[in-house]
């Protein structure tokens, strides 16, 4: 993700990282490492965490209707990776 941000500094979209629930702390710590936090824009501001179990549960509940979901669906599942919001 840092390569994407470095190569496209004017990127105007959120990035999401899906990982097992028990990796949440590790993911957030890695995203907040100085090498990523100093990017422009800072990775913690544009990258959010989605717990795998929550995503799986939601997709199973929605079933075939997933193709009709709006992007806000993912935003609603995601958690901020910014240190002051964790």
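The values are calculated or read from the model by the stated rules, or taken from the named source; none is laboratory data. Since we're looking at a predicted model, the values are computed, not measured. A quick note on method: Cβ atoms are made from the backbone with ideal geometry, for glycine too, and the neighbour counts reach across all protein chains shown.
A few notes on this one:
- In summary, helices (runs of 4 or more DSSP H) completely within the range 5-70 and bearing 1 or more residues that are within 21 Å of residue 84 (Cβ to Cβ) and either modelled with pLDDT of 90 or more or in contact with a strand residue (DSSP E or B) (Cβ under 8 Å, 6 or more places away or on another chain) (or both) occur at 24-31, 34-37, 43-46.
- Within the range 5-16, the set of residues being without any contact (Cβ under 8 Å) to a residue 60 or more places away in the chain and within 17 Å of residue 74 (Cβ to Cβ) comprises 11, 12, 13, 15.
- Across the range 27-81, the number of residues qualifying as touching a helix residue (DSSP H, G or I) at 6+ places or on another chain (Cβ under 6 Å) and within 21 Å of residue 3 (Cβ to Cβ) comes to 11.
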